[in-house]
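Visitor: I'd like to ask some things about the structure below.
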Amino acid sequence: MVLSLVSSLALSNAAADAPRRLLDVPLVARTDKVERKAPAGPADEARKLVADLRYEEAVVEYQRWLADPDQPVKDRATVLFELGFLHTLLGDAVTGRQRALEALELLPELEVPAGAPQKQVDFLAATKALVAQRVRLDVLPRGDKDAPSLVRVALADPGKRTHRVVLRHALSASGPYFESPMTCQGGSCAGVVPAPKGADSFNAWYYVESLDASGNTLSRAATPLSPLQVTVVGLNPWYANPWVWGGAGAALVAAAAVFFVVSAQ
């Protein structure tokens, strides 16, 4: 269940400025104190901390839960969105937006529950609007007739903010990375990983960036920390190699000599 704010609480004048509770949970009467119960679901401990207004501790507990890579995708997306919403309520809008974007990357159809407060509905709507306007780069599969060093990407840019697309490549996964321009037509861009001088075969690592007019990165396909790899073998055909031509010429001359000797007998 995605976090929802309490629509109204009977607060005293002294507590009028206290932080609003995130979870819409029932009050349960007890003899010694009033206890708030968080709904069951993923990251229960984090939700209990939120219900007790222990927001900073809840952030740590959410992160601990998310550190488990085996959590189901739907639950992970839900918890990421809850964490993002919590960050915004704590005043960290940048991190909150990033977590919410990560949630929608995992689960684009993510929705808040019916009856959720307007602030949460607006937060989800604003995040989805950002996703719709984001520049996206996706590396396309290499075609049967494509050169081994050719890289093709699909570019989606609803806001038309991309000024140029570049291919960054290196001969080592750790760099340094060099830049080569890519040619774009419509929503498709292509570029070539250049071969080292004189090399017939080589390995290269690369990623692709979309840049705005000021050179700011709008989107990436892969990253310098997690690049893609291409292996090129036999870049120069045998008939373009002068050593092969020299050897072939010598063989032809020898064959002709043999033929001449045999024919003359």
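Throughout, read-outs are computed from the coordinates displayed, never taken from laboratory work. If you're wondering where the values come from, they're calculated on a predicted model, not measured in any experiment. Using ideal geometry, Cβ is built from the backbone for each residue, glycine included, and neighbour counts are taken over all protein chains shown.
Visitor: Return the whole-Å distance between the Cα centroid of segment 81-107 and the Cα centroid of segment 196-217.
Guide: Their Cα centres are 32 Å away from one another.
Visitor: Right, something else. Can you put Lys119, Lys48 in order of Cβ neighbours within 10 angstrom, beginning with the fewest? The partial results should precede the final answer.
Guide: Values: Lys119 13, Lys48 18.
Ascending number of Cβ neighbours within 10 Å: Lys119, Lys48.
Visitor: Ordered by residue, what ³J(HN,Hα) values in Hz, to whole numbers, does segment 108-124 give under the Karplus form 6.51 cos²θ - 1.76 cosθ + 1.60, where θ = phi - 60° and Gly and Pro are x?
Guide: Computed from phi, the couplings for segment 108-124 are x, 8, 3, 9, 7, x, 4, x, 5, x, 4, 4, 6, 4, 5, 5, 5 Hz.
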